[in-house]
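This report concerns only the one structure given below.
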Amino acid sequence: MTFRLLFLALTAALPATLAAQHGHDHAAHAHHAHPAQATQDSAFAALQARGRKAMGVDQYTSTHRFDALADGGRIELQRDGDDPEGVATIRAHLRSIADAFSRGDFATPAFVHAEQVPGTDVMAARRCIGRYAAVPRRSPPDLAGGEMLIRKPEIPSSEITPERLYVDRREFLGVSAAALAAAAIPAVAACDTADGASRAAASEAPQRDEPTPFEDVTRYNNFYEFGTDKEDPARNAPRLLRVRPWTVVVDGLCDRPGRYGFEEFVRGTQQVDRTYRLRCVEAWSMVIPWRGIPLRDIINRARPRAGARFVEFTTLHDPQQMPGQRRPILSWPYVEGLRMDEAMHPLTLLATGLYGRALPAQNGAPLRLVVPWKYGFKSIKSIVRIRFTDTQPRTAWNVSAPGEYGFYANVNPDVDHPRWSQARERRIGEFRRRPTLMFNGYTEVASLYSGMDLRRYY
Amino acid sequence: MAAPAAWELQAARWVRPAAWAGGLIPLALLVAGAFTGGLGADPIEYVTLRTGFATLLMLMCTLAVSPVRKLTGWNWLAPIRRTLGLCAFLYVCLHFATYLVDQGFAMEYIVEDVAERPYVTAGFTAFLLLIPLAVTSTRGWIRRLGKRWQKLHRLVYLAAGLGVLHFIWLVKSDLLEPLVFAAVFAVLMAFRVPGLPGGARKRPAKAPAATRRAAAES
């Protein structure tokens, strides 16, 4: 609570500083500088100059938005009009600021405003964490840019590392902020067992996230194209699926569509290793060390147009290779989709491997999606097409049973599947069920859904 | 009724042990799997699926005994109806026990499941219905209940129907297996409809005694 007030003080201070120097009317939590008025004010011009230097972007033509969140705050910076370079600059700036905040460096706001901005010293003392996420183009208004989340640290400050390292390490060490948070909620922890002693133990010790053994990851799969039994894909996919040559089509509402061979598709991209929890809608879960390309790198390469609001993915359709497609179990080919901001989120991965090797056929070779905060069926396998679209894709499970599988499919222990509970899950290899975490523990994505009724948009 | 042939007298001797042996094959496979790591990555789920499948299989075999007897006149099959029925009960008990383990014996979740999830409600009801049938399967109870025994044991139709419904309602999208069970169940029930070929007929005077004897023998 105190923290929220401090954040409000900081965010209010930014427009207030501008207002004082500029004498210009502001909306409570957003300001949009008008060049005609602003240029007459030398103090504001000086601020602009410093801002340009620190931020690399002109405040005359960009929009700031400040939101206070339950656990911190959010700063969104957007660029007017059609200016990809400006958007890129904004994003780079926010990313560097987020990194700086995470390192404990809160000097940039002071530089822009030529004075210590109220609140930054508190953030520094509290060792607040900055997290960056790109904000996709929104229309209307036709804006794009980035956002930075400022959150009070939920892990010991000694654990704070730059974002990428932070994500990976946190997953490997199993020191999940959300797991800790969940463990702190007695109601959730109490679900684990009726036994009093172990209930107490469960609420004290954070749940461990050890990677699931390679053997289990590669023999327990839902890949109905190769059969509906869990072990069918491991039995059938390796001998039936031809992953070379493999063609991926990128098309739809983008400036750089393309048709790539697999090697060509991954050429020039940066491969990252990410260990994520995978939570299946059937209430089991795994921890898988993936290797892959952040999806946003692929999206940025394709240069989506203003109207692109969704990304649609399609699996190979070839009943010769995929015997499951000979029966109408689902409407083939399998289709999945993400909203643009979900697709651009740094956690979203196009996986090309696991456990340091090429993706096994049964896990969706050669290219699959991994969206760790959503149920596993969103993470479509063996992708042959990535299409930018302005309408919500008709996703396979949603079409098959709209009352059971939503488009969003965010992991949510509070919204049960109509036929089974989602409150708990069994980690493969473990005996006892554990409580399921909101967004599968990836609470940093919560802001993507602020204001949405997650019971309705399940 | 013609006197039983010599081979039928032979068959009558080994048919019950054979039914036990056959009925316990699914259990033997599970036990073998447990010792060889053959239960897969999620043993609890695997055992749940296998015991559920075995229950339905045994129920269908149980329901098939009487029609086969009627169609072939092989009355020496009669004793295996109870054997197979008890196998079905064994598997449903294992199935339910696995479910309890799966839920960590957490009553609040189990009660919620039974009350709110139709497929669990159907399966649980079928389980409850089978309990009195297993209890009254002994010779003593058959004697004590007399005519009411047969009436009571018609509950197996309801239990099997609910079991099939339970299977249909729980699968995600591939209905092939549950629908095969549904079709088999429908055919087996058709034999019980009076007037249909092979259906229940008006009993000839001798039949009740024969049936009772057959039941008593088992």
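Computed from the coordinates by the stated procedures, all read-outs in this text should not be read as laboratory data. From a predicted model like this one, the values you see are computed outputs, not experimental measurements. We place every Cβ from the backbone using ideal geometry, glycine too, and count neighbours over all the protein chains shown.
Here is how the numbers come out for the structure above:
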| item | result |
| --- | --- |
| Exposure proxy order (Cβ contacts within 10 Å, fewest to most) of A:D255, A:D390, A:D83, A:D209 | A:D255, A:D390, A:D83, A:D209 |
| Rounded if a/c under 1.5, otherwise prolate or oblate - the range B:88-194, Cα gyration tensor axes | oblate |
| The range B:141-196: C-alpha gyration tensor shape, a/c 1.5 cut-off, then a/b vs b/c | oblate |
| Span-like helix ranges in chain B, DSSP H, alpha carbon extent 20 angstrom or more, Kyte mean at least 0.0 | B:43-72, B:80-102, B:118-135, B:155-170, B:176-190 |
| Cβ-based exposure ranking for A:I298, B:I110, in which fewest neighbours within 10 Å come first | B:I110, A:I298 |
| Amide proton proximity set for A:E425, modelled H, under 5 Å, gap of 5+ | A:R434, A:T436 |
| Spin-label model distance (nm) - A:D318 vs B:W7, 7 Å beyond Cα toward Cβ | 5.3 |
| Protection proxy ranking of A:369-381, B:136-148 - average other beta-carbon atoms within 10 Å, highest first | A:369-381, B:136-148 |
| Taking A:D232, A:D251, A:D453 and counting other C-beta atoms within 10 Å, the order from fewest to most | A:D453, A:D251, A:D232 |
| Test item: B:30-41 mean partner chain Cβ contacts at 10 Å | 2 |
| Residue-averaged beta-carbon neighbours from other chains (10 angstrom radius) around B:101-110 | 5 |
| Spin-label model distance (nm) - B:T36 vs B:T138, 7 Å beyond Cα toward Cβ | 3.8 |
| Cα centroid separation - the range A:368-424 against the range B:142-188, whole Å | 34 |
| Global form of the range A:402-458, assessed from the alpha-carbon gyration tensor, a/c cut-off 1.5 | oblate |
| A:R259-A:F431 pseudo-label distance in nm [points 7 Å out on the Cα-to-Cβ vector] | 5.6 |
| Extension gain, B:L176 back to B:A190 (0.36 nm per residue minus Cα-Cα distance, nm) | 2.9 nm |
| Lysine pairs with alpha-carbon atoms under 30 Å apart, chain B, spacing 8 or more or separate chains | 8 |
